[in-house]
Every structure is written in C-alpha cells, then in structure tokens.
1. Using alpha carbons only, what's the Rg to Rh ratio of region B:370-523 with Rh from Kirkwood?
2. Using a 7 Å offset from Cα along Cα-Cβ at B:Ser114, what residues in region B:169-186 end up with backbone N under 20 Å from the label point?
3. Quick check on packing: order A:238-247, B:392-401 by the mean number of other C-beta atoms within 10 Å, highest mean leading.
4. Could you calculate the contour length gain from A:Thr364 to A:Ala34, that is, 0.36 nm times the residue separation minus the distance between their Cα atoms, to one decimal place in nm?
5. Quick one, could you list the DSSP H helices from chain B stretching 20 Å or more along their long axis (Cα atoms) with average Kyte-Doolittle hydropathy of 1.0 or above?
6. How far apart, in nanometres, would the label points at A:Glu99 and B:Ile517 be if each is projected 7 angstrom from Cα along the Cα-to-Cβ direction?
7. Report relative contact order for chain B in percent, whole number only (criteria: Cα-Cα under 8 Å, sequence separation at least 6).
8. Per residue of A:250-260, count partner chain C-beta atoms within 10 Å of its C-beta, then hand back the mean as an integer.
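Values in this text are rule-based calculations from the coordinates and carry no lab data. For clarity, every value in this text was computed on a predicted model and none was experimentally measured. Don't worry about glycine lacking a Cβ; one is built from the backbone with ideal geometry, like all the others, and counts go over all protein chains shown.
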There are 2 protein chains.
Amino acid sequence: MTIDGSILIGARAVRCSATFHAVNPATGEALPQAYCEATAEDVAQACALAEAAIPLFAALEPERRAQFLEAVADAIVAIGDDLITTAMAETGLPRARLENERGRTTGQLRMFASELRKGEWLDVTIDPALPERAPPRADLRRMNVALGPVAVFGASNFPLAFSVAGGDTASALAAGCPVVVKGHPAHPGTGELVARAVLAAAAACGLPDGTFSFLPGTSNDLGAALVADPRIKAAGFTGSRSGGLALVAVAAARSEPIPVFAEMSSINPVVLLPQALASRAEALGTGFAGSLMLGAGQFCTNPGVVIAIDGPGLDRFVASAAEAMAAAEPPVMLTPGIHANYAAGVAALDANPAAHALAHGQTTSAPTRCTAALFETTAAAFLADRALGHEVFGAASLVVRCADMAEVAQVVAGLEGQLSATIHMDDADSAGAAALLPMLQAKAGRVLANGWPTGVEVCPAMVHGGPFPATSDARTTSVGTLAMARFLRPVCYQDIADALLPPALQATNPWQLPRTIEGEREA
Amino acid sequence: MTIDGSILIGARAVRCSATFHAVNPATGEALPQAYCEATAEDVAQACALAEAAIPLFAALEPERRAQFLEAVADAIVAIGDDLITTAMAETGLPRARLENERGRTTGQLRMFASELRKGEWLDVTIDPALPERAPPRADLRRMNVALGPVAVFGASNFPLAFSVAGGDTASALAAGCPVVVKGHPAHPGTGELVARAVLAAAAACGLPDGTFSFLPGTSNDLGAALVADPRIKAAGFTGSRSGGLALVAVAAARSEPIPVFAEMSSINPVVLLPQALASRAEALGTGFAGSLMLGAGQFCTNPGVVIAIDGPGLDRFVASAAEAMAAAEPPVMLTPGIHANYAAGVAALDANPAAHALAHGQTTSAPTRCTAALFETTAAAFLADRALGHEVFGAASLVVRCADMAEVAQVVAGLEGQLSATIHMDDADSAGAAALLPMLQAKAGRVLANGWPTGVEVCPAMVHGGPFPATSDARTTSVGTLAMARFLRPVCYQDIADALLPPALQATNPWQLPRTIEGEREA
C-alpha cells in the first residue's frame, strides 16, 4: 500500500492545496511525506456520503458486518512491516509495543465481529399482542438500531488501537454506524495506511461508499466542523480534557445536540494499605515505577497519584521507586508538543510550594525524552489545591502522605472521577479495604487490587470509563464489548406487519438471535 | 393521610415562610391549602441527605428494593379516594382517567420490582483470570451500579404516572438512586399525598433517611438549583422543550456535568397511505379525532401532524375528523397557563398565512376549556416554515397535503426527532410503507401501524424516547423496563478478593443472578 497524503472521502482519494508534515519525535525532524489538510468542504462531503450509506450499512445482516470487521483486521495485517516502521518513525514508540498494539487492534475488530454474531447487542425484546386484554395490548417489538454517522478522533497515544481503526471505529462500525475519522496529525502516515486498509475491506465486502472516510489535518477547526456537521450523530474521542470539553461544547451548541463520548483525564489513584506497605514496600515501589514509566507514562491509566499513610513503609516504597526510576533510560515521547506539556506540568509541580520533589529519572540532551518525576505532598495540601489533582500526561506522579486511614479516606473522597482506582492490600488490610472499596467504586469505572492500572484487557467485563472528567458519560466504556452500546438506540415497532419488520424482529427469527419474550429470555 | 403543605426532606416535614396555592382549572379559583415554596437551602439539605443514603440504599439486595417499590404501590393505593379527589380538583382530569393512571403508577412500581428480582439490569459479566496466558489475564467482573442521587421533575400532564412516584422516580429508585422530587406546582396536594406514601413505605422498609425527598415550589430557580447541586448525578424531566433545554444547560454548565433525561417535544407524525385513505377515510378521521382530543390533547404522543396525499380520500378524512371534533364537549385543560399557551399556539396558526383552519371543536365561556383545532398546509409551506412543525401542546393538529409519495417522503425527511411515528396502510400500501418505514424509524423511538400514538404500554418492549427534540438522549426511554438503564453505570472489579466483592459478583452467586461468563450466558 502506498502513502500519498490524500484525503480519503469514501472510495475517492482527494488532493488538496495545503499540506503538513509529521515530525519524528526521536530526532525532532520533519518527515518527508506531505499530508493534506482536510477542509470544511471535505468534512461536508464525507458526512453526506456517510449519511447516504446509513440505510444500507445499518440494515446489513450482522454476519455481513462481522465479515467486514474481519476483513479490516486481515487488511491491517496485510500491510505488513510498513505499518510498524511508519508508526515507529511517527510516534517514537518501539517495535515490540507497536506489534503488540497491532495485535490488540485486530483483536478488537475480531471481538466485535464475534459480538455481532452473538446478537445480544440488538437486545431483541418482544411483547406479543394481547387482543383479549381490556384494553387490548398491541404487538410490541424492540431492537437497537444504529445512532447514525459517527465522528472518530484518532488518539495520539494509541496510533493503532485507538486511532483510525481502533476501538471507537470498530465499535461504531459494529453498531452499523458509518465512520468519519479525523486522523491524529502526529501519525498521518500510519493513519493513511490503516484507512486504506479499511477502505479496501469495505470495497471487497461490497459496502456502500461512505461507510468510512479519513480526514487528515492539524487544525482544531477541522474537528469542530466534523462534530458540528448535522449528519453526524455521535463522536468518539480520546485525548486531553481541554480537547474533549471543546468538542462536548460544540456538540451541545448544535441545533440538534449529540453525544460526545470523550475519554479525557484521569490520575488513577493508587492506595497503598498499611500491611501491604509493611510487608512488601520495595516490590510495590518497583512495580509502581514500572507502571509509571510504561510507554513514557503516556497512558490514560497511568498511576498519577499514590495515597498512603506516612511512615517508614512509605519511605521504603519511595526509595525503591526512585531507584527504579534512576535506572531506566528516558524514552522518546509521542510528540514535541506532548513533551513540552509534560515538561511544563513537571515544572509547575517543582514550583508549587505544596509539592516536594522525591525523585527524577535520567535526563538527556536528546530531544523529546521523558524524564520521569515523583513528587510528594500532604493530604491537607492535596485537598486544598485542585491543581495537584490534575493529570500531567507522562511519567509524573504524586505521593500524598496521610496521617491515618481517616485522612486516606478524605483524600479519596476529594478525588474527581477516574478511569481506574487501585488498592494494594494484604489479608490484614481487609477491614480498611472493605471501607475504601465503595468509595473507590463511586469515583471510578474500574477498581483493582494488587495490580497496576496500566494494561487494559479488551473483553466483555472491561470498563474503560468512569465519572467526569475521566469521561464525558459515565454510563459508557470505550474498551470492551460494551463499547458498542454507545452507538445504538432502541426503537419499538408496534403492530407492524411481519413482512415489513426488520429481520431481527420477524416471527421466524431468521437471524437466530437471542430474544426476550414477555420479559423472559427465550431458552 | 393529611396534607399540610410541608416540604418533605427525608423523614422531616419542614415548614416555611413563603407559600403558594394550586388553582382549580375548572373554575379558575385558587384552592384553599397553602403549600411551601422550597428554598435553595431545602435543596441543599435534601441532596446532602440523598448522598448520605447512597452507600446503604444502592448496595441493598435487589429483593429489598423490590419490596420497597411494592410497599410504595400499596401505600399509594392505601391513600384511597382522597388521592383521586385531590388530583381531580388540581388537574381537571376526570375520575376514570385518574383511577386508570393510579393503576398505571402502581403497575410501574410493581414492574420495576419484578425487574429487580430478575436481575438482568445488573448485567453481571465475568471474565475469569487466565494465569497461564501470556500475558496473564486478571480476574475481571463487571456489574451496573447506581449513578447517584437523581432529581425528578413532576410532569403536569401525568400527576401520578409521571410525577412524584411516577416512571422516573420508580426507575431511579429501582436502580438504587435516592430521589429528590421537585413537585409540579399545578398539583401540590396530589404530590404531597404521594410523597408521604413513598416516605411511609421507606420508613416501613427500614431504608436510610434521604432515600426520598419532596420539594414543592413554583419557581424555575428551584429546579435549576436542584440540577446544579453537586450531589445530584442525573435528572429526569418530562415537560416543555424550553423547560427541558434550560435544565440541560444548567447540567452542562456544572463543574461536573451530568445527564438530564428530558422528554420534551414531539408532534408524532401520522402518515395516511393512499389505499388506507381510499378504503376507510371516515373511520380514520374519527379515530384520529379521538386520539387528538384524548385528555384535551395533553399527551406527549398527541398526533400533531397528519401527512397524506391530497385528494378526495383526504377530504373525507378531514370531514369525518371535523364532525367528531364538533360533537365533543370541550374538556378542562390542566392549568390556566397551559390553556393560555394552547390558545396562543392556535392563534399563531390562525394568523399564519401558510396554515388554513379546517375545523374547530366547540367553544364555551367556561374557563380553561380546550377547543380542538385542525389546520392544513402544503408540503412546500411545511418544509419552508420550521414553526409549523413545532408542538402546540393540546388538541391541535396540522394536515400536510402532499402532491405525491415523493412529497410525503420529503415532508417525513424534514421532520425533527419524534417520540412516535404512525403509518396507516392497507395491504396494497405495502410498497409505500416499506419505503417509508426506515425513514420513520430514523426519526422516532416508536413506529406504529394502523393505530394511534396516544396510549403508551408499560412493558419491556416499549420505547418512549427518540431523537432530539423528542428527548435529550435518544439512547434512552422513560417508559418501560429499559428506563432503569438511564440511572446505572458499569463498574469493573479486577482481582478483588471474593469476600470483598459486591454479592452480585461473588463466585457463589448468592443473589442467583443471570450472568455472562467468558462472553456466554450461563445456562
């Protein structure tokens, strides 16, 4: 597959006047290929095509959409090593990580294909007519239908798994929603390769033109125009709090407001309980530092705050973490902009009299490197200064030293919404854990014990979501099978003749779907 | 039970300085009982109590909450005829309708009790640990949890079924969310009776104080303060578009935005296909007039627009509808304010050169009576003037005369989102219906054939929702078992020791819930 920097509006590759270049973050130098800046007119054309694709694409038999998702996965694999080397140059991420992420991306696509075949997502629910009842009851049949064309914003930190054919795209396509992707400008070549793979799969599967479009570009206005387009009915976004809130505001200001599923900001609190600290502070420190520095800390689930009772156990934890941080080579961050924001966030903590620096990772004169940073503060200071609880995207974290469990609970109660909340405990900590777990559950979409929040399994039980500002809609997840639900809405059909019903609701159940009849699951 | 006009903050009846009176719409006279105007301080106290109730109430075994909902239903029945006579005086609604609505209200409460016992609402989903896998998979368990305290706004047009213990309250309580009701000022006595019944049931069931509070009052500021309170995590509203959008704006402006489930505005299009008109225009006209005038047209699902091809069949339909409209006594509307708005809406249509009056119901000098009104316009005029597609709350409707089926489709395509969309068809209309049904589905939460949109069954398959402006969130319904989903969010528990897990997720499945294990339903 060849990269030529085009805008891909359905099957049509569109050229342009204005272009931009990606930057190799490891060198700070611009890469040679020029990429088109998509315009408002490109947005309008892609959205018109997406709207036109809806009747056919949304009504497809689930098996057909499953085959499409599998074809996308196959086409991504078929790109071969070009995909990995392109992504390495554009993101600074190492080969092993990107190969792993490619596996996750194709795995997600295949998981939604499997979900489509299972059919639970349609939630077919039938209450047959009761003509003898007074008053008679009509025949009522409910199923989920596609919400409409979806705008997807590629994420900087997952150039494959949360970008052009990532989780948002896969779940929206599975739901029957055509997708218009605004590619992340940091990895336009990676994006174009994947977009061409999606389009090749769509063509091979005979899908309507407009099922998928790809708009590269660097401007915020492009994203705003996409969310503002009246044909778009929902948006999926992973990124910064300010970026997510800007899109939420655009969506709310439309004459027809739409949902924006923005996964934005989380500091993923880690609570270390006393017995766990007493028995294994050093191992916890090493494990923590590994999670903190993984991928240069550029994960939504990076552990940005550690909450524990002050004392020798916590000191041992900090010493062990500091040692691990000093031993690691500073990795390349995704973009010079992310690196600059990270450096500014660390500098702000350094300058904050309420925060005290505990440890720094190695420094280097090479560009865009992430020097890990660990700070400490008191519970009172943390509760008094909201800024201490804001995400610093990268390998920075803050230890909150508490006087006792009551203060631990106060700090937890003062947290904003989170993607994850972690507790480290030994058996002897059970009483404390039992008191804290409901509080952590109230703050987070995922609660975990004796592990680290980085590493999000893609499976039915996963929740990668949580109360604001972790996401803009706590009732959803952007990872796992439940992610499809974001792009569906229920419709009830009343007394519609069987031949005119969608196949999913017809009496003979031609798609052999699981169904609920009169409130009971069919055997 | 005695009415004394108190604010009911949990178990505490609070007195006040400022009061208001309800008006008997049939006479236009104020009723004698004075009711408290709840204040911002009452809001804060009720919300603090609701937040304090969450840990206990949300964690209750579903059987306990089911018993509570049944106790509420029993307590409402136990009020006896006082409830009916109070509601008659405050709303002008006839006895039979209110007795019916009481049955619907208690039926809804019992339905959610049954749902609680079935347990599907928890959506228990378990992916057990895979320690041998590389990398190992953690033990992951997902369930739904209560979103938090919910604000419910009583609706004017359902003083029982969508008010203090109506569908929003029942579904929120079922989900484990404490509820703070802002009572509708048109029926404060009805509201207080029901609120006292809810509180008596809560006390009898030993529920935490603050599970339920009732705030009577007339000001919009009261409602805004309730939605703005940081402890409130969602709101349910049924009412006008302007009222709903005002609350949505308050919710969006919070430092932690929350969802407002507002059911707002719908004109419920009715399409009459040619053969149906040819074969039974008169019966359709009579049936339409009955649906239009039912409850003085004060239903969210009132048929506000009729779309059909012009011709003798449509003329016969109009003549038949006009005859039925002329024969009916003009009923009392719910409030003088609603009557004034209705009269203004009809006057605006009378004054609109694009609309032509076809028929009016009887007029009378008695106050607050609804004179039904039927207008006509052309497809071109309807498409050109957005105002013609706005809801006039009451028994007013507009016939859109189309040249052919292409124009019918254009008019349908030009509609805003709707709660319902109706098609009348004979067998010979099947081709036309097949073409229109996907378009109607794209616009509405419920699509029905050969019936009338008024009359919303409360059952698992029902959807009382739809794209904006029918509701503020097309992914939800406010009627039927699915209404509970509005007030739940998923949480994933990772590697939490069995004894520390919520009972719903424990290995022995002590609540005997339906579960999905490794993506498959347990037998």
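1. When Rh is taken as the Kirkwood radius, the ratio is 1.16.
2. B:169-176
3. B:392-401, A:238-247
4. Extending this stretch completely gives an extra 115.8 nm.
5. B:40-59, B:188-204
6. 3.6 nm
7. Details: 1214 pairs, mean separation 93.2, N = 523.
Relative contact order of chain B: 18 percent.
8. Mean inter-chain Cβ contacts per residue within 10 Å come to 3.
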